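Worksheet for the structure shown next.
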Amino acid sequence: MKLSQHHITRFLSLIEKTDTCWHWKGHIGNSRYGRMRIGSTDKVDGREKAHRMSYFIHYGNIPQSMHVCHRCDNTKCVNPKHLFLGTHQDNMKDMMAKGRSRDSQGEKNTLAKLKAPEVLLIRHLASSRILSKAYMAKMFKVSPMQIGKIINLKSWTHI
């Protein structure tokens, strides 16, 4: 990765530091990771993941086969103290140890915002066409996309 002083300055301007995580305030990609355009790059959309940029800025090169993993499990965090290098296997073991694997469905998933009764209510409301997806999303504090996945049995499939 090649970064100019301009990229580094811009990167640093898009961070909100707290006592723990440094929250990325720039573009968030579909994968829920922060991303920043850095110009000519081998990346398809010209953007690099913000946590990888942070690691590079603070610690130097990232070996090609290595992942930059989060100790804090916050995909928007770019605090270099929360980042570590690991293989894909290391990352998967970390995910399993923290309860974020497919085996951690529904409420067992540490990132879950809903509980099973709420999911059942969402499906009931959708089947009776009482409320729109957008309204339910606001009501349950999740995205309309998540409501759609629940209704279409793409998430919370175990209930």
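A simple count of charges around Gly60, restricted to other residues whose Cβ falls under 13 Å of its Cβ and scoring Lys, Arg +1 and Asp, Glu -1, yields +2.
At q = 0.15 Å⁻¹, what base-10 log of I(q)/I(0) does the Debye formula yield for the range 5-97 when every alpha carbon is treated as an equal point scatterer in vacuo? For the requested q values the scattering log ratios are -0.55.
For Val142, what is the net charge nearby, where nearby means another residue's Cβ is under 11 Å from its Cβ and Lys, Arg count +1, Asp, Glu -1?
Details: positive: Lys113, Lys133, Lys138, Lys141, Lys149; negative: Glu118.
Here the count lands on +4.
Cysteines in the chain that lack a partner Cβ within the 4.7 Å cut-off: Cys69, Cys72.
Tell me, Kirkwood radius of the range 106-151 from alpha-carbon pair distances, in Å? It would help to have the intermediate numbers written out before the result.
Details: mean 1/r = 0.0947 Å⁻¹.
Every distinct Cα pair counted, the radius reaches 10.6 Å.
Considering only alpha-carbon pairs that sit under 8 angstrom and 6 or more positions apart, the relative contact order computed for the range 106-151 is 31 percent.
In the range 47-92, how does Rg compare with the Kirkwood Rh, expressed as the Rg/Rh ratio over alpha carbon atoms?
Details: Rg = 9.7 Å, Rh = 10.6 Å.
So for the range 47-92, dividing Rg by the Kirkwood Rh gives 0.92.
Projecting label points 7 angstrom from Cα along Cα→Cβ for Ile8 and Leu121 puts them 5.1 nm apart.
Three principal axis extents describe the C-alpha atoms of the chain; from largest down they are 56, 34, 30 Å.
Taken together, the values in this text are just the output of simple stated rules run on the coordinates, not laboratory data. Quick caveat: nothing in here was measured; it's all calculated off a predicted structure. So basically every Cβ, Gly included, is an ideal-geometry build from the backbone, and we count neighbours across all protein chains shown.
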